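What follows is a set of notes on a single structure, which appears directly below.
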Amino acid sequence: MLAQLTEAGDLGEEWRGAFERAPRSAFIPDEVWAPDEDSPNGFRRLRKADERNRWEMLANANGVVVTQLDDGIPDGPGVPTSSASLPALVAGMLGHLHVAEGHTVMDVGTGTGWTAALLSARLGESDVTTIEVDPAVGHAARKSLSAAGFEPVSVIGDGLAGWPLSAPFDRIHSTAAVQRVPRAWIEQTRPGGVIVTPWGTPYANAGLLRLEVGEAGGPSHGRFVENVSFMWVRAQRPQEAARPETAPDSRGASRMDPELANETVHAAFAIGLLTPGARYMHTWDEQDPAPTYRMQLTDGRGSWASVRYKEWDDEGAVHQAGPRRLWDEITRARLWWLEEGKPELTRFGVTVTADGEQAVWLDSPDNPIR
């Protein structure tokens, strides 16, 4: 794996020694969830003792390894809630931190413990604090870290609250996506420090934010530097899009092919920025004259919309209800993206004020879009 990362240019020379000292396979649990097309939820339990070759292939590949489903609750729907991240992505995120000797780092979302080990190998374990909200996951990571010879400050708790006892930090690194950068992270980072975190909207969980912390009492500014998708921090998970329980109060034709609402990740990211709270799923609507594939939108506050893909410009293709007309908002948001020249997500950024308010902008903090 190390050779693959180096050849692909994913691993900087300054991180090579850390990746050699802390191979990911040393932090993969003996029991993981392997992709399985025949399983109803797409995963099957895989034990190292039973399928060692398959386990080693997953552990040493440049891919994600799912280590927990449904927050560890038995018989859940099978939603991944903890994993060992893609090695190339981990290398890239650590590169965006721009760490140097003597820096202190808070690692939010310990997971398997691998990222905390890499940071410890690079900076020294006394300068690394890692936080995990799930006790079972956190305790397992402590054992793996100790077995590998690393003893960073390990906390079982809410990463959104940070860890004041180790603050202030020079860097904060999160492996869970947020919709809002916690005020505590700003307050616990030294002025001029850097926060690197996945950041997204319910519509598009797609950006990696690199935020530079401003002087005390002043704003912090950052730009999206990559397209990434991580599991949400538990306290900021968006509500699931659901089938509407109310009848539509308006019906009509669509002015846009719904395929274009997710034409590219850049379009979806911009749409998500301009339609706060909106989330979508796809459904088959049995109430149409013939079963029809539809894009279903909700905002979790009583507004919903549904647009069919086939014959989307016919009357009755769009159903909407509630205080907001969500499909109209989606259509206007994509039109704005087109008028702005189809900006890629790396042209967007975020400003966070000292009191925790967020503003999203295009190209410059002087050009806010909401």
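The values are calculated or read from the model by the stated rules, or taken from the named source; none is laboratory data. Remember, predicted model here, so these are calculated numbers, not experimental data. In case anyone asks, the SASA skips ligands and DNA or RNA and just uses the protein heavy atoms, side chains included. Shrake-Rupley method; radii C 1.70, N 1.55, O 1.52, S 1.80 Å.
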Please report the antiparallel percentage of the DSSP beta bridges confined to the chain, to the nearest 5. 75 percent
Check which residues have an amide H placed less than 5 Å from F169's amide H, if you skip close sequence neighbours. T189, R190
Take the solvent-accessible surface of the protein heavy atoms, probe 1.4 Å, and return the percent of it on the range 134-266 that carbon and sulfur atoms account for. 51 percent
Helix 265-274 versus the longest principal axis of the chain: what angle, 0 to 90°, nearest 10, using Cα atoms? 70 degrees
Solvent-accessible area per residue, Å², over the chain with all protein chains present [probe radius 1.4 Å]: 46 Å²
Taking only Cα atoms, what is the 0 to 90° angle, nearest 10, from helix 135-147's long axis to the longest principal axis of the chain? 30 degrees
Solvent-accessible area of L11 with every protein chain in place, 1.4 Å probe, in Å² to the nearest 10: 20 Å²
Quick one: accessible surface of R223, probe radius 1.4 Å, all protein chains present, in square angstrom to the nearest 10. 90 Å²
For Cα extents along the principal axes in Å, one of (1) 54, 43, 40; (2) 56, 55, 42; (3) 65, 54, 37 was computed from the structure I shared and the rest are decoys. Which label? (3)
For the range 151-200, averaging the sequence separation of alpha carbon pairs under 8 Å that lie six or more residues apart and dividing by its residue count, the contact order in percent is 43 percent
Applied in sequence order to the range 321-336, the curve 6.51 cos²θ - 1.76 cosθ + 1.60 (Karplus, θ = phi - 60°) yields integer Hz couplings, x standing for Gly and Pro, of 7, x, x, 10, 9, 5, 5, 4, 5, 4, 4, 5, 5, 5, 4, 4
With all protein chains present and a 1.4 Å probe, how do I73, I271 order by accessible area, largest first? I73, I271
If you line up the long axis of helix 114-123 against the longest principal axis of the chain, both from Cα atoms, how many degrees apart are they, to the nearest 10? 50 degrees
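So what is the calculated 222 nm ellipticity per residue for the chain, using -39500 (n - 2.57) for each DSSP H run with n of 4 or more, over all residues, to the nearest 500 deg cm²/dmol?
When only DSSP H runs of four or more count, the value is -7000 deg cm²/dmol.
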Mean separation of Cα pairs under 8 Å and 6+ residues apart, divided by the residue count of the chain: what relative contact order is that in percent? 11 percent
Averaging sequence separations of C-alpha pairs under 8 Å and six or more residues apart, then dividing by the length of the range 78-148, give the relative contact order as a whole percent. 30 percent
